[in-house]
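Input: a single structure, listed below in structure tokens.
Every number in this text was worked out from the coordinates using simple rules, so none of it is lab data. Please read these numbers as outputs of a predicted model, since none were measured by experiment. Neighbour counts are summed over all protein chains in view; Cβ atoms, including those assigned to glycine, are modelled from backbone coordinates with ideal geometry.
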Amino acid sequence: MCGIVGVVGNRNATDILMQGLEKLEYRGYDSAGIYVANGDNSSLVKSVGRIADLRAKIGIDVSGSTGIGHTRWATHGQATEDNAHPHTSATGRFVLVHNGVIENYLQIKEEYLAGHDLKGQTDTEIAVHLIGQFVEDSLSVLEAFKKALSIIEGSYAFALVDSEDTDTIYVAKNKSPLLIGLGDGYNMVCSDAMAMIRETSEFMEIHDKELVILTKDAATVTDYDGNEIERDSYTAELDLSDIGKGTYPFYMLKEIDEQPTVMRKLISTYADSEGNMNIDPAIVKSVQDADRIYILAAGTSYNAGFASKAMLEKLTDTPVELGVASEWGYNMPLLSKKPMFILLSQSGETADSRQVLVKANEMGIPSLTVTNVPGSTLSREATYTMLLHAGPEIAVASTKAYTAQVAALAFLAKAVGEANGKAEAAEFDLVHELSIVAQSIEATLSEKDMIADKVEKLLSTTRNAFYIGRGNDYYVAMEASLKLKEISYIQCEGFAAGELKHGTISLIEDGTPVIGLISSSELVAAHTRGNIQEVAARGANVLTVVEEGLEREGDDIVVNKVHPFLATIGMVISTQLIAYYASLQRGLDVDKPRNLAKAVTVE
Ligand code: AGP
């Protein structure tokens, strides 16, 4: 979702901006643009569509050493060139890129910008006109920027260039992610570290409501009153090769394949060589002290919370409640006396989850962010952090983060259960069981051709489908259906198998694809099979994914047996492949599905 990159200094800005925008592509966007300052030869180039479309419009004359670039995920106004960033002030002197949503943009327009001719419909264009207007009114650039920031309400990450003095980029942020990258003779600003690691591994955080004056030699951080803030830089442990696709056609397939490695990485991170849990004792104590665990998340991370719920409850003896972050941010239900919030988020930047965390912090509730991105907003602002160590996840469809979330929570659950003296926790040999999970994943991955073949028969022409299951299989069905619909555009519901007959079964007709998930006990499996019979009798085209030991003749995909606490990981892998092949076979862009963004940084 909207990406920003900017550079000032002794480098080829066009090259750096374009490389940066390519690295930001994974976030999701529908138009893009760059501004490269070069006196009278400055260039503003924008394009609807992909970065490749933008690149095709950039000639060799687009050169300079200061510039800003942007990928836009449309919020205010359609994906058109006029709405694409960078935007310019009325006279064209100021150039701005923005990520976020300015809530009071219409009031600003009415109150301050009467007579201004706006080219597009974006809130960003209003912001840059406002800054330009204040300079016209005789404020200095910095004062004008600060005054605009004092008026603007909402979320934003801004990078502003004054075409009459291009030695400085003015930067500010509130609620939207933005990071400074420090180089030798040049400095950068960007939505995330990954888009800068080709240029630098030295970064500096910007906190909300801070302003940065960025020149080639310095990054001066101040508050909005101009008070200077000391901020140390840090070196990021990122590997450029982690964000390459290698020989894979799509990131999603690479990331699905990486899951056994991720499981092993989590073992080596969260257990010592004797198999003892290696979790920060303060986190364990905080969960022990809670009378209820609340997991707040969105999308796949929310589904991962459900996939971990039974295991967490059984091992810790603490009830676990799930909350949709976008709902809880503004409709917090009645909480228990001693709540503990766990924010699950691959990116650590999801605005909806962050809104819940802001509330939790106001209420003094202890919180733990479980995220894949060190230094992310949710990680910085929660009481504690546990990292997923899954390596960068680039495909919009989250796969390895889901399984890593369930596995990471298993380590937490076992550590808390052991501290609570629960025999079941002590007996649960997580290191051994997770190694078995890694092998089970490998076994499923070796069946790709068979799965692709089944997907072609089942899903090649359908417009809708169902996943059904009971208990943990229902939770996997929720995730499986989200994955299928987000990248194949097949309308798909994940349903509790027993609930179908209470209404939804009326949608089943001749040829409706229904994928049944069966991993629980014999008894539960028998009930799910009954529900599968019910849909088959009404014409459904059924595919079964069954855990070893519960299979029957005619089942389609048999998954190696793993410990019941970790069965959601074992079962989800084939559903990830089903989604992947359904998308691939329809000729879609697997990694960048329409309308979606990787890091959803607006509410
Ligand atoms: C997953 O495939 C989706 N792209 C999406 O649901 C995602 O999980 C959700 O937006 C939450 O993101 P987060 O984990 O980064 O907070």
Distance in nm between Tyr489 and Asp280 label points, each 7 Å along Cα→Cβ, equals 4.3
The helix 351-362 Cα axis meets the longest alpha-carbon principal axis of the chain at an angle in degrees, between 0 and 90 and rounded to 10, of 90
Restricted to segment 251-585, the DSSP antiparallel beta bridge percent, nearest 5, is 5
Charge dipole of the chain built from unit charges on the beta carbon (Lys, Arg +1; Asp, Glu -1), centred at mean Cα; most positive-end Cα among Gly570, Leu178, Tyr26 is Gly570
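In nm, what is the difference between 0.36 nm times the number of residues separating Ala443 and His207 and their Cα-Cα distance? Write down the numbers at each step before the final one.
Working: separation 236, 0.36 × 236 = 84.96 nm, distance 4.47 nm.
Length gained between Ala443 and His207: 80.5 nm.
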Cα-Cα longer than 18 Å, checked against Lys285/Lys338; Lys485/Lys598; Lys146/Lys173; Lys23/Lys245; Lys175/Lys216; Lys146/Lys209, kept in input order, equals Lys175/Lys216
Once Lys and Arg are counted +1 and Asp and Glu -1 for all other residues with Cβ under 12 Å from that of Val320, the total becomes -1
Sorted largest first, the C-alpha extents of the chain along its principal axes in whole angstrom are 78, 53, 43
Toy charge model, Lys and Arg Cβ at +1, Asp and Glu Cβ at -1: the chain dipole around Cα centroid in debye, rounded to 20, equals 1040
Taking the alpha-carbon centre of each part, the distance from segment 94-167 to segment 1-56 in Å is 20
Among beta bridges assigned by DSSP with both residues in the chain, the antiparallel ones amount in percent, to the nearest 5, to 60
Length gained, Ile60-Asp429, 0.36 nm per residue minus C-alpha separation, equals 126.8 nm
Highest mean packing first, using Cβ neighbours within 10 angstrom, the peptides 541-550, 278-287 sort as 541-550, 278-287
For Asp137, placing the label point 7 angstrom along Cα-to-beta-carbon and taking segment 151-190, residues whose amide nitrogen sits under 19 Å are 151-154
Charge dipole of the chain built from unit charges on the beta carbon (Lys, Arg +1; Asp, Glu -1), centred at mean Cα; most positive-end Cα among Ala582, Ala351, Ile515 is Ile515
Neighbours of Phe134 by Cβ distance under 14 Å: Lys/Arg at +1, Asp/Glu at -1, summed charge -2
Expected vector for segment 556-569, Karplus 3J(HN,Hα) from phi with 6.51, -1.76, 1.60 and θ = phi - 60°, integer Hz, x for Gly and Pro, equals 8, 10, 10, 9, 3, 6, 10, 4, x, 5, 10, 5, 5, 5
Projecting the Cα atoms of Leu54, Thr168, Gly549 onto the charge dipole of the chain, where Lys and Arg contribute +1 and Asp and Glu -1 at Cβ, the residue farthest towards the positive end is Gly549
Inter-part gap, Cα centre of segment 508-565 to Cα centre of segment 420-492, in whole angstrom, is 13
